[in-house]
Amino acid sequence: MMQKGPGVMALAVLAVGLLWLAGTVSLAQAGLLLTGAGLGVVLYHAAFGFTSAWRRLIVERRGRGLRAQMVLLAVAVVLFFPPLASGTLFGHAAEGFVAPIGVSVAVGAFMFGLGMQLGGGCASGTLFTAGGGSARMMVTLLFFILGSVLATVHFDWWMALPAFAPVSLPKTLGPTNGIFLSLALFGAIALGTVWLEKRRHGGLESVSSPKTQGWARLLRGPWPLLAGAVALAVLNFVTLSLAGRPWGITSAFALWGAKGASLVGIDPSSWAYWQAPDRAAALDAPVWQDITTVMNVGIIAGAMLAAALAGKFAPNVRIPARSLIAAILGGLLLGYGARIAFGCNIGAYFSGIASGSLHGWLWLVFAFAGNMLGVRLRPFFFRAPYTPSVKGC
């Protein structure tokens, strides 16, 4: 049975938000709020996380989570590459997240990967676990925002470091060749996890059947991990069709932080990051006109609704001291790393690879390396194995 308090609050936020955005911005912006809510529900009910999946592969040699990520990416490239190659989707302009391949991506991704393990989540994980009632992840989110703002102060220095020009697979190789190459790489990674898991355990991990079935399972969860992967890829494609670009998360954190800085008398418009025309416009405009902000609010509300439906919304404000320190450090690393790497696990990894950008692959390699270091540092901050309030994080 749904917990009425958080459930009603989440529905109220979504209802008011839909009416406000449809009346003051556009129907597409209202649709993006609803899409964000769908992402929040899927992330929560499927417990689809990146941090725990990578940690389990590193520590336990269990690869089910990473294989699900390969399914996520495979569905996404099949959907994304044809419209991105043509530049249009349903009669509207469509453009992927394609960024330079350089030092800032490698360093930022490594920082982000380290922050994932210390902070206890990635960008999507931080939002949906915060929406699910985790006080600790609210701390991570606060310092995620602060780290994002700090990176915008130094952004021009990082952009001056060596880098290669952006490369888009669907435009360079064509959509068909780009899809086949991407699918081959996803398959190789998935097979690699199978080999590692069988070598350590003799077989693949079995998945227990949930107690609830049918409509009860649809509303209360848990959902199969692979179903979550497909749903996330489809919802990212919906985002592309509504916004003309893929799903992102962390640019909004920099925007929130910059607007907060303005309130205390600091002028961020003089920083190089905010002098780009699109960012300057976002800084001057009301926050509800920002696509990423609206979707992030939707994710939090959707996760809160899912937690209420599952009867698992139970905020806990007690955070051990070392865990609190890890949340602060992790949040700063996550925010700073995401900005200089042109995105996070969503904007650079998921949407970057779905866009055919080679910077997404570079991000994956260095973020995974950062996770390996983070796993080694975790025992200092978490005396017992850390179990987040939402298992996917």
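If you take every residue apart from Gly356 with its C-beta less than 12 Å away from the C-beta of Gly356, what net charge results, scoring Lys and Arg +1 and Asp and Glu -1? It would help to have the intermediate numbers written out before the result.
Working: positive: Lys171; negative: Glu95.
Net charge in that neighbourhood comes out at 0.
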Would you mind counting up the charge near Pro83? Only other residues with Cβ under 15 Å from its Cβ, with Lys and Arg at +1 and Asp and Glu at -1. +1
Putting +1 on Lys and Arg Cβ atoms and -1 on Asp and Glu Cβ atoms, find which of Gly96, Leu142, Val264 reaches farthest to the positive end of the dipole of the chain. Leu142
Stokes-Einstein D for segment 158-296 at 10 °C, 1.306 mPa s, Kirkwood Rh over Cα pairs, in µm²/s? 79
Under a GNM of the chain (C-alpha, springs under 10 Å), which listed residue has the highest mean-square fluctuation: Ser206, Ser351, Ser251? Ser206
Using the Kirkwood radius over Cα pairs of segment 1-68, the Stokes-Einstein translational diffusion coefficient at 37 °C and 0.692 mPa s, in µm²/s and rounded to a whole number, is 228
With 22 Å as the cut-off, how large is the P(r) tail for segment 1-146, expressed as percent of Cα-Cα pairs? 58
Under-5 Å amide H pairs with Thr250, H placed in peptide plane, nonlocal only: Cys344, Gly347
Students often forget the sequence filter, so: which aspartates and glutamates lie under 18 Å Cα-Cα from Lys171 once same-chain residues fewer than 8 apart are removed? Glu95
Debye log10 I(q)/I(0) at q = 0.07 Å⁻¹ for the chain, Cα point scatterers: -0.29
In whole Å, what is the distance between the alpha-carbon centres of segment 75-90 and segment 248-312? 26
Can you give me the long-range amide H partners of Gln3? Hydrogens built in the peptide plane at 1.01 Å from N, cutoff under 5 Å, separation of 5 or more residues or another chain. Leu309, Gly311
Which helices of the chain meet both criteria: a Cα extent of 15 Å or more along the helical axis and a mean Kyte-Doolittle score no lower than 0.0, with helices taken as whole DSSP H segments? 4-24, 27-45, 64-86, 103-119, 135-153, 175-201, 225-243, 251-263, 291-310, 321-340, 358-381
For q = 0.23 Å⁻¹, what log10 I(q)/I(0) does segment 127-234 give under the Debye formula with an equal point scatterer on each alpha carbon and no solvent? -1.12
Scoring only Lys, Arg, Asp and Glu (+1, +1, -1, -1) among other residues with Cβ under 15 Å from the Cβ of Phe144 yields +2
Treating only the Cβ of Lys, Arg, Asp and Glu as charged (+1, +1, -1, -1), what charge dipole size does the chain show about its Cα centre? Round to the nearest 20 debye. 1620
Dipole of the chain, positive direction: furthest Cα of Gln3, Phe380, Gln29, with charges on the beta-carbon: Phe380
Out of residues 5 or more away from Ile266 or on other chains, whose amide H comes under 5 Å of its own, with H placed 1.01 Å from N in the peptide plane? none
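Helix-derived [θ] at 222 nm for the chain: sum -39500 (n - 2.57) over DSSP H runs of at least 4, divide by residue count, nearest 500?
Values: 18 runs with 269 residues, N = 393.
It lands at -22500 deg cm²/dmol.
No lab work stands behind these numbers, since they all come straight from the coordinates. No experiment lies behind these values; they were computed from the predicted model shown. Note that each Cβ is placed from the backbone with ideal geometry, even for glycine, and that neighbours are counted across all protein chains shown.
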